[in-house]
Amino acid sequence: MPEAGVSAVYAANWGSECRPLTVEDVVAVTTRYYGLSRAALVGSSAVTRRVTDDALVPFRYVALTLAVRLTKETAKTIAAAIGRRDSTSVYMAYRYIRDKRRANERWHDDLLLLTTILSDLFEVTPSGRLGV
């Protein structure tokens, strides 16, 4: 169960206006939650990807999964926003996180807490894609 007031900490940085959630918002909240830089999560250069991909895959996949579930953006648009080549990355991310959620409570708890934070801060329109 998320701690009371967690969303308030994030609201201090994003303000109190309720606007539609974007992929960039998902990336920003995810990077703050895990203590990463945007550049590390998005990894736009080939060198950054080679050096950090293995360590950052789970966190990037969390952001991809949240973006596809909580926004109306297409998988192709989401993949491009997070520095991936095509929509295949989005589906791989979903399967990876789905399997991790079943095997490890941490991923389940992280997704629930991040979903709560994003829902409290932004106007979320669940896409219904890829299930729950």
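Among the listed residues ARG101, ARG85, ARG129, which satisfies the condition of being at pLDDT below 90 and within 25 Å of ARG19 (Cα to Cα)? Steps first, answer last, please.
Values: ARG101 fails: within 25 Å of ARG19 (Cα to Cα); ARG85 fails: within 25 Å of ARG19 (Cα to Cα).
Of the residues listed, the single one that is at pLDDT below 90 and within 25 Å of ARG19 (Cα to Cα) is ARG129.
Which of the helices (runs of 4 or more DSSP H) contained wholly in the range 60-132 include at least 2 residues that are touching a Gly at 6+ places or on another chain (Cβ under 9 Å)?
On the way: elements: 75-81, 88-103, 105-121.
Result: 88-103.
Residues that are touching a strand residue (DSSP E or B) at 6+ places or on another chain (Cβ under 6 Å), at pLDDT 85 or above and not small (Gly, Ala, Ser): does the range 70-82 have at least one? If you could, list the steps in order and put the result at the bottom.
Going residue by residue through the range 70-82, those that are touching a strand residue (DSSP E or B) at 6+ places or on another chain (Cβ under 6 Å) are none.
Scanning the range 70-82 turns up no residue that is touching a strand residue (DSSP E or B) at 6+ places or on another chain (Cβ under 6 Å), at pLDDT 85 or above and not small (Gly, Ala, Ser).
The values are calculated or read from the model by the stated rules, or taken from the named source; none is laboratory data. Fair warning: this is a prediction, and the values are worked out from it, not measured in the lab. Note that each Cβ is placed from the backbone with ideal geometry, even for glycine, and that neighbours are counted across all protein chains shown.
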